Amino acid sequence: MAEIDTSSLDMSRLPQHVAVIMDGNGRWAQQRGMSRVEGHKRGKDSVRAIVEATRKLGIPYLSLFAFSTENWARPRREVNALMSLLRRYLRTEIERMMNNEVRVVAIGDTARLPDSVREELEAAIERTRDNRRLTVGLCVSYGGREDLVNAARMLGREVAAGRLAVEDIDEAAISDSLGTAGIPDPDLLIRTSGEMRISNFFLWQLAYTEIFVTDALWPDFREPEYVAALEEFQRRVRRFGRVLDEPRRQAAH
């Protein structure tokens, strides 16, 4: 792994949770006369680099938007290739995850995954479950609206069964019913490829997340681009909807 130049960062003010919309694999490939599938293959190297950089920086949570509910509508060849890449990634990276104390969790409707992919994912989750240095949330077959619908259904069943009063449904109850239950909301969202949208990702969780958009395509996103995003995060003043006290002005003499 390349060394990370952290001289520009305040290591005491790093985000606790970084989420990434990994966009631009297809565009990267097309710019080079390659198939979109080849772009996804190259994007796998960026996943490895950013997971390792996050672990080295000591950031405890990383969420990667790998495959959305809408992505099932892509051409079958591309979907099959993405599923194959996911399965291969889990298989080839498992020892690295264990050595680096990386825990894998799945966020999304994994029941829709092909059996072989789901089994590989479940095996990785089980084997890494006790690792504590970094939690990587793989968002596969994930959609923010579907996440909220599932939470509403879960809470509705609790109310219908008499285990929960309607008046007790609050923000904490909703958060605990989402696919990210037990994981803090992201402090920073990074989107590659310059697109200015969140694409149905973490609609509840991103309420006060700082958003950083870079023109870099995902296969080109490495440690320097990551550090640039963290630098920008540290330049932001996070108000969470509040008005911060202004410094007192010196009284004129």
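The values are calculated or read from the model by the stated rules, or taken from the named source; none is laboratory data. Bear in mind the structure is a predicted one, so any value in this text is a computation, not a measurement. When we count neighbours, we look across all protein chains shown, and the Cβ atoms used for this are built from the backbone with ideal geometry, even at glycine.
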When residues of segment 10-36 are limited to those that are crowded, with 19+ Cβ neighbours inside 10 Å and hydrophobic (A, V, I, L, M, F, W, C), the one farthest from LEU230 (Cα to Cα): ALA29
ASN71 fails exactly one of (1) out of contact with any Asp or Glu (no Cβ under 7 Å at 6 or more places or on another chain); (2) farther than 23 Å from GLY144 by Cβ, namely (2)
Scan the helices (runs of 4 or more DSSP H) fully inside segment 135-253 and keep the ones with 3 or more residues being of a type in the set (Asp, Glu) and at pLDDT 95 or above. 144-160, 223-235
Please indicate, with yes or no, whether at least one residue in segment 106-118 is assigned to a helix (DSSP H, G or I), touching a residue at least 12 places away in the same chain (Cβ under 8 Å), among the polar types (S, T, N, Q) and surrounded by fewer than 14 Cβ atoms within 10 Å (Cβ to Cβ). yes
Which listed residue, of SER63, SER8, is in contact with a His (Cβ under 8 Å, 6 or more places away or on another chain) and of a type outside the set (D, E, K, R): SER63
For the list (1) free of Cβ contacts under 8 Å to residues at least 24 places away in the same chain; (2) farther than 22 Å from VAL140 by Cα; (3) of a type outside the set (Lys, Arg), I need the number of the one condition that GLU38 fails. (2)
Take segment 41-85 and flag every residue that is of a type outside the set (A, V, I, L, M, F, W, C), buried (at least 20 other Cβ atoms within 10 Å of the Cβ) and either outside any helix (DSSP H, G or I) or modelled with pLDDT under 95 (or both). TYR61, SER63, SER68
Filter segment 86-95 for residues that are loosely packed, with under 14 Cβ neighbours inside 10 Å and of a type outside the set (Ser, Thr, Tyr); the one that is nearest to GLY58 (Cα to Cα) is GLU95
Within segment 73-95, is there a residue that is closer than 24 Å to ASP5 by Cβ and in contact (Cβ under 8 Å) with a residue 40 or more places away in the chain? no
Keeping to segment 132-148, report how many residues are out of contact with any helix residue (DSSP H, G or I) (no Cβ under 7 Å at 6 or more places or on another chain) and either among the polar types (S, T, N, Q) or surrounded by fewer than 24 Cβ atoms within 10 Å (Cβ to Cβ) (or both). 5
In segment 154-210, what count of residues is obtained for those that are buried (at least 17 other Cβ atoms within 10 Å of the Cβ), among the charged types (D, E, K, R) and out of contact with any Leu (no Cβ under 6 Å at 6 or more places or on another chain)? 3
Quick check on segment 11-28. Is at least one of its residues of a type in the set (Gly, Ala, Ser), free of Cβ contacts under 8 Å to residues at least 24 places away in the same chain and within 20 Å of PRO60 (Cα to Cα)? yes
Kindly provide the set of residues from segment 155-175 that are over 20 Å from TRP204 (Cα atoms) and among the hydrophobic types (A, V, I, L, M, F, W, C), ordered by number. VAL159, ALA160, ALA161, LEU164, ALA165
Residue selected from segment 88-111 under the condition under 17 Å from TYR142 (Cβ atoms) and of a type outside the set (Gly, Ala, Ser), by the criterion nearest to the chain's Cα centre (by Cα): ILE107
Within segment 15-24, can one find any residue that is in a helix (DSSP H, G or I), charged (D, E, K, R) and at pLDDT 95 or above? no
